[in-house]
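Everything on this sheet refers to the single structure shown next.
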Amino acid sequence: MNHIPGVEFYSFRLKMVLLAVVVFSSCLLPLLYSLISALNHRLLKTEGNKNNKVMLSLFTALSLFVGAQFLSKLPVAGVFRILLFGACLLTILLFLISFRWNISEHTFSLGGLWGALIALNFRYGMDLVPALLLISIIAGITASAKIFLEHHSDAEIYTGFVTGASVMFSFLILI
């Protein structure tokens with residue numbers, strides 16, 4: 001088996017709705033929030049960058065949760081909803097960790113994606129080696145840039161990636 005069971009029977013319209021919900025809740029809503037907060041100069045001047053980061057994390061987690069809830073109303077495989085719940089969990093976890101330690105958000109997210117692909121590989125027997133290689137290369141480039149620019153230490157980079165990957169992998173395998 002090289003796919004999620006049943007997806008080949010989805011109508012084109014259902015596939016487009018599924019894609020729209022995922023893109024809207026995971027990309028467009030957080031991007032819209034970022035743009036609105038960047039345009040609001042009063043907020044940027046009085047509250048500082050840390051507050052914007054906190055609010056963006058909370059808003060992203062909320063939009064992912066709403067997207068997952070919406071998917072639960074559609075006749076689609078539960079794995080899509082579980083993926084959005086996993087992303088919501090990762091966002092909340094990153095939000096909580098960032099109060100104590102400055103781990104790399106980028107490598108944390110890439111690790112989460114890597115862990116999700118590994119879990120899908122185990123669970124559904126999907127051949128995701130090319131995607132895993134691509135994510136590994138992107139994560140390596142991102143980690144190198146973060147270290148080169150001295151935004152994070154080696155430990156913050158590796159901890160971010162390993163934590164994201166292990167949490168998402170565990171969540172998808174256990175749920």
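Which of the numbered conditions does residue 99 fail, given that it passes all the others? Conditions: (1) part of a helix (DSSP H, G or I); (2) closer than 27 Å to residue 29 by Cα; (3) free of Cβ contacts under 8 Å to residues at least 24 places away in the same chain.
(1)
Among the residues of the range 94-112 satisfying the criterion of being among the aliphatic types (A, V, I, L, M) and surrounded by fewer than 19 Cβ atoms within 10 Å (Cβ to Cβ), which is farthest from residue 159 (Cα to Cα)?
Among those that are among the aliphatic types (A, V, I, L, M) and surrounded by fewer than 19 Cβ atoms within 10 Å (Cβ to Cβ), it is 96.
Among the residues of the range 142-155 satisfying the criterion of being at pLDDT 90 or above and among the hydroxyl-bearing types (Ser, Thr, Tyr), which is nearest to the chain's Cα centre (by Cα)?
Within the range 142-155, the match that is nearest to the chain's Cα centre (by Cα) is 142.
Residues that are at pLDDT 85 or above, touching a helix residue (DSSP H, G or I) at 6+ places or on another chain (Cβ under 9 Å) and more than 25 Å from residue 163 (Cβ to Cβ), at least 3 per element: which helices (runs of 4 or more DSSP H) completely within the range 11-94 meet that?
Because the criterion is at least 3 residues that are at pLDDT 85 or above, touching a helix residue (DSSP H, G or I) at 6+ places or on another chain (Cβ under 9 Å) and more than 25 Å from residue 163 (Cβ to Cβ), the helices (runs of 4 or more DSSP H) in the range 11-94 that meet it are 12-23, 49-72.
If residue 118 satisfies all but one of (1) modelled with pLDDT under 90; (2) touching a Phe, Trp or Tyr at 6+ places or on another chain (Cβ under 8 Å), what's the number of the condition it fails?
If we test residue 118 against (1) modelled with pLDDT under 90; (2) touching a Phe, Trp or Tyr at 6+ places or on another chain (Cβ under 8 Å), just (1) comes out false.
Just checking, how many residues over the range 142-153 are closer than 16 Å to residue 110 by Cβ and either acidic (Asp, Glu) or surrounded by 15 or more Cβ atoms within 10 Å (Cβ to Cβ) (or both)?
Of the residues in that region, 5 qualify.
Pick out the one residue from 139, 165, 119, 131 that is buried (at least 20 other Cβ atoms within 10 Å of the Cβ), assigned to a helix (DSSP H, G or I), in contact (Cβ under 8 Å) with a residue 12 or more places away in the chain and more than 14 Å from the chain's Cα centre (by Cα).
Result of the check over 139, 165, 119, 131: 119.
The values are calculated or read from the model by the stated rules, or taken from the named source; none is laboratory data. Being a predicted model, the structure only gives us computed values, none of them experimental. For neighbour counting, all protein chains shown are included, and Cβ atoms are generated from backbone atoms with ideal geometry for every residue, glycine included.
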